[in-house]
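Asker: Below is one structure. I have some questions about it.
The values are calculated or read from the model by the stated rules, or taken from the named source; none is laboratory data. All values reported here derive from a predicted model rather than from experimental measurement. Positions of Cβ are backbone-derived with ideal geometry, glycine not excepted, and every protein chain shown enters the neighbour counts. Heavy atoms of the whole protein, side chains included, go into the accessibility calculation; ligands, DNA and RNA do not. Shrake-Rupley method; radii C 1.70, N 1.55, O 1.52, S 1.80 Å.
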Amino acid sequence: MPPDLLFLAGMGRSGTTALLEVFAAHPEVALGVERYKRLYRRDDEPVTAELFEERRFFDFADGLTNLTPDQAPEWGPHYEAMRAKWSGARYVGDKMVAIRLQHVWETLPDARFVCIVRDLEPVAASWEARAKDLEDRGWDADADATKAVAAWNRSLRRIRRAVRQRPDRAVVVEYDRFFGDPQGGGLEGVLAWLGLDRSPEIDAAFERVHRQYLERVAPKQRSLAPQVQTFLDQHAERDVWEQVTSELAL
């Protein structure tokens, strides 16, 4: 029986990498690191099951990502671990920062999505910091805090639509609630939704990420210029945020 397809989806700087660290630790889950990042945004090219066959998935010659073991050696051990369990995994898939659930479902209607959302201010502050960092060549200089608002609004609307329409194929967690809970209640909920046991490996990974959250993320002071904060306040769709986090998130 072929494995089921699983995607971790969220806008950039919303916690997708931390979510990947947790779920990729499960013995029955094997996930890429934005393996097809340049494909997901293309309306004219479908996302097909063949892309997730082992030989195809680990052949990085297609140029569909820059996060390869050669170009980003820090991910080499991750891909080695994923390849070792790929053939026996219950779920295989990828993480994506393009919120393209409907596009994927056009060709892969049974694919599952675990989506993550995060409050606007820390996301916007991170976009602003990276945009101003002249040495950060992995980030567009114009992708600043003001650009983050439109992307945040769009991601929330798409996730709301997907979870409402197909709760059997899409769930959503909220960043602070998920990583800040020492008991991992959100993790428990997602694993139950996926039909997976809470393995020692995933517990250990969650404990590492939870500790990092408490030590590095929660205490971090973020400040935006007053005019930028005003722009956020004027354009953020807070009603959608409330609907997603209060009514839909695990």
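Asker: Can you name the condition, by its number, that V171 falls short on among (1) among the hydrophobic types (A, V, I, L, M, F, W, C); (2) under 28 Å from A72 (Cβ atoms); (3) surrounded by 15 or more Cβ atoms within 10 Å (Cβ to Cβ)?
Answerer: V171 satisfies all of (1) among the hydrophobic types (A, V, I, L, M, F, W, C); (2) under 28 Å from A72 (Cβ atoms); (3) surrounded by 15 or more Cβ atoms within 10 Å (Cβ to Cβ) except (2).
Asker: Going by the conditions given, is D119 surrounded by fewer than 17 Cβ atoms within 10 Å (Cβ to Cβ) and touching a helix residue (DSSP H, G or I) at 6+ places or on another chain (Cβ under 6 Å)?
Answerer: no
Asker: Which pairs have Cβ atoms under 6 Å, sit 6 or more apart or on different chains, and link a residue in region 155-169 that is farther than 18 Å from W241 by Cα to one that is open to solvent by 10 Å² or more (accessible area, probe 1.4 Å)?
Answerer: Close Cβ pairs satisfying both conditions: R169/R112.
Asker: Scan region 219-230 and give yes if some residue there is open to solvent by 30 Å² or more (accessible area, probe 1.4 Å), among the hydrophobic types (A, V, I, L, M, F, W, C) and outside any helix (DSSP H, G or I), otherwise no.
Answerer: Looking through region 219-230, at least one residue is open to solvent by 30 Å² or more (accessible area, probe 1.4 Å), among the hydrophobic types (A, V, I, L, M, F, W, C) and outside any helix (DSSP H, G or I).
Conditions tested, residue by residue: (1) in contact with a Cys (Cβ under 9 Å, 6 or more places away or on another chain); (2) open to solvent by less than 80 Å² (accessible area, probe 1.4 Å); (3) assigned to a helix (DSSP H, G or I); (4) among the charged types (D, E, K, R).
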residue: R137; (1), (2), (3), (4): no, no, no, yes
residue: D140; (1), (2), (3), (4): no, no, no, yes
residue: T146; (1), (2), (3), (4): no, yes, yes, no
residue: R154; (1), (2), (3), (4): no, no, yes, yes
residue: R160; (1), (2), (3), (4): no, yes, yes, yes
residue: V190; (1), (2), (3), (4): no, yes, yes, no
residue: E215; (1), (2), (3), (4): no, no, yes, yes
residue: Q234; (1), (2), (3), (4): no, no, yes, no
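Asker: Mind counting the residues in region 73-112 that are surrounded by 13 or more Cβ atoms within 10 Å (Cβ to Cβ), closer than 18 Å to S155 by Cα and not basic (K, R)?
Answerer: Looking only at that region, the number is 9.
Asker: For region 221-250, which residues satisfy the criterion of being in contact (Cβ under 8 Å) with a residue 40 or more places away in the chain, out of contact with any Lys or Arg (no Cβ under 9 Å at 6 or more places or on another chain) and within 25 Å of V190 (Cβ to Cβ)?
Answerer: Matches in region 221-250: W241 only.
Asker: Tell me yes or no: at least one residue of region 134-143 is over 26 Å from V104 (Cβ atoms) and of a type in the set (G, A, S).
Answerer: yes
Asker: Return a yes/no flag: does region 51-60 have any residue that is open to solvent by 40 Å² or more (accessible area, probe 1.4 Å) and touching a residue at least 40 places away in the same chain (Cβ under 8 Å). Walk me through it before giving the result.
Answerer: Step one: of region 51-60, the residues open to solvent by 40 Å² or more (accessible area, probe 1.4 Å) are 53-56, 59-60.
Within this subset, residues satisfying the condition of being touching a residue at least 40 places away in the same chain (Cβ under 8 Å) are none.
Checking region 51-60: not a single residue is open to solvent by 40 Å² or more (accessible area, probe 1.4 Å) and touching a residue at least 40 places away in the same chain (Cβ under 8 Å).
Asker: Let me ask you something else. Within region 1-60, take every residue that is hydroxyl-bearing (S, T, Y) and assigned to a loop (DSSP other than H, G, I, E, B) and give me the one that is nearest to the chain's Cα centre (by Cα). Lay out the reasoning, then the answer.
Answerer: First pass over region 1-60, keeping only residues hydroxyl-bearing (S, T, Y): 14, 16-17, 36, 40, 48.
Still in the running and assigned to a loop (DSSP other than H, G, I, E, B): 14, 36, 48.
Numbers: S14: 7, Y36: 13, T48: 20 Å.
Among residues in region 1-60 that are hydroxyl-bearing (S, T, Y) and assigned to a loop (DSSP other than H, G, I, E, B), the one nearest to the chain's Cα centre (by Cα) is S14.
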